[in-house]
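Following: one structure in structure tokens, then a few remarks.
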Amino acid sequence: MPQMSVPAFVEKKKRGEKIAMLTAYDYTVAKLLEAAGVDGLLVGDSLGMVVQGRENTLPVTLDQMIYHAEMVSRGAPSSLVVVDLPFPAQFVGTEKLIANAARVLKESAAQAVKLESSAADAEAISALTAAGIPVMAHCGLHPQAVHQMGGYRVQRDEKQLLVDSLAMEKAGAFALVLECVPAAAATEVSRQLTIPTIGIGAGAGCDGQILVIQDLLGIPDGNVPKHVKAYAALGEQIVAVAEDYCTDVRNGNFPADEQSFE
Ligand code: KIV
């Protein structure tokens with residue numbers, strides 16, 4: 001499989017090709033998703049919730065992001081691997097922001113970082129881009145602002161969304177995640193931008209889509225958001241398989257002769 005680069009990713013929009021992204025957090029899953037032909041993998045700070053079992057993404061550290069990003073990059077060497085900059089991301093000052101983002105690229109072999117951002121962060125995006133660090137911006141719902149929002153809510157200020165999105169493109173972002181915004185607003189943003197938009201809870205008018213891998217596989221942890229489509233029920237299957245194993249061990253049916261050495 002040829003290496004997916006940032007320019008090749010952007011080209012997909014120009015060719016009118018939809019972009020399929022998923023999150024990944026480890027080598028094994030990244031390898032499988034690359035074999036499936038995904039266009040890009042996001043090492044999301046959602047790992048704080050779906051891997052670490054935390055309430056939100058805020059406790060995730062840069063070292064943890066790099067740890068997971070390194071495994072994902074090794075599992076998917078031909079994919080575009082994008083890594084979330086964890087809270088408080090760009091609010092550490094430009095010098096530290098560039099140093100943090102550079103650490104991600106140096107230590108993990110990922111190709112880009114993602115930043116929950118708005119028009120107010122245009123300078124931060126420009127600084128990263130000027131340093132040769134590709135940025136995927138992220139507008140609409142910002143999970144890192146969960147306390148400010150008082151929960152995860154659909155973001156309905158369509159005018160602001162357009163202002164933010166246009167500012168991200170102007171600042172140099174190569175792509176833009178749109179999270180939990182009305183479908184019509186995301187369609188309009190996608191029409192006005194030349195860079196690809198990647199939707200999650202943003203309707204079918206985006207240039208691409210992303211889902212959290214646990215959601216795709218049907219491994220829920222509590223409420224399943226409206227925008228999720230589970231393509232399997234692996235959570236239930238894992239429980240059933242582990243139950244079969246426990247029964248076999250307890251009944252003396254595992255290991256059998258086939259699994260034993262002479
Ligand atoms: O952290 C994450 O997984 C994300 C996606 C939901 C876009 O930001």
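The values are calculated or read from the model by the stated rules, or taken from the named source; none is laboratory data. Bear in mind the structure is a predicted one, so any value in this text is a computation, not a measurement. With ideal geometry, Cβ positions are generated from the backbone for all residues, glycine too; neighbour counts draw on all protein chains shown. What goes into the accessible areas is simple: the full protein's heavy atoms, side chains included, and nothing from ligands, DNA or RNA. Shrake-Rupley method; radii C 1.70, N 1.55, O 1.52, S 1.80 Å.
Points worth noting:
- Span from the the range 29-47 Cα centroid across to the the range 120-199 one, whole angstrom: 21
- For the range 85-91, putting each phi into the Karplus relation 6.51 cos²θ - 1.76 cosθ + 1.60 with θ = phi - 60° gives couplings of 8, x, 3, x, 6, 6, 8 Hz, in residue order, rounded to whole numbers and with x for Gly and Pro.
- Here the chain is treated as a Stokes sphere of Kirkwood radius computed over C-alpha pairs; at 25 °C and 0.890 mPa s its diffusion coefficient rounds to 128 µm²/s.
- Dividing the helix sum by the residues of the chain, where each DSSP H run of 4 or more adds -39500 (n - 2.57), gives a mean residue ellipticity at 222 nm of -12500 deg cm²/dmol.
- Square roots of 5 times each gyration tensor eigenvalue, C-alpha, the range 169-252, largest first, Å: 40, 12, 8
- Selection among Asn223, Val43, Gly93 by position relative to the dipole of the chain gives Gly93 as farthest towards the positive end (Cβ unit charges, Cα centre).
- Backbone phi angles across the range 218-225, fed through the Karplus curve with coefficients 6.51, -1.76 and 1.60 (θ = phi - 60°), yield HN-Hα couplings of x, 10, x, 9, x, 5, 9, x Hz in residue order; Gly and Pro are listed as x.
- Protein accessible area in the chain, 1.4 Å probe - carbon and sulfur %: 56
- Candidates Gln52, Gln237, Gln155: whichever shows maximal mean-square fluctuation once the chain is modelled as a Gaussian network with Cα springs under 10 Å: Gln237
- Pair-distance profile P(r), taking every C-alpha pair of the range 80-197, with 5 angstrom steps and integer %: 2, 13, 23, 24, 19, 13, 6, 1
- 3J(HN,Hα) from dihedral phi, the range 30-38, Karplus parametrisation 6.51/-1.76/1.60, rounded to Hz, x for glycine, proline: 4, 5, 5, 5, 5, 4, 6, x, 5
- Too-long pairs where the Cα-Cα distance tops 32 Å, listed order kept, from Lys106/Lys226; Lys31/Lys159; Lys31/Lys114: Lys106/Lys226; Lys31/Lys159
- Bridging of Lys12 to aspartates and glutamates at a Cα separation below 19 Å is possible for Glu34, Asp39, Glu169, Glu188, Asp207, once same-chain residues fewer than 8 apart are set aside.
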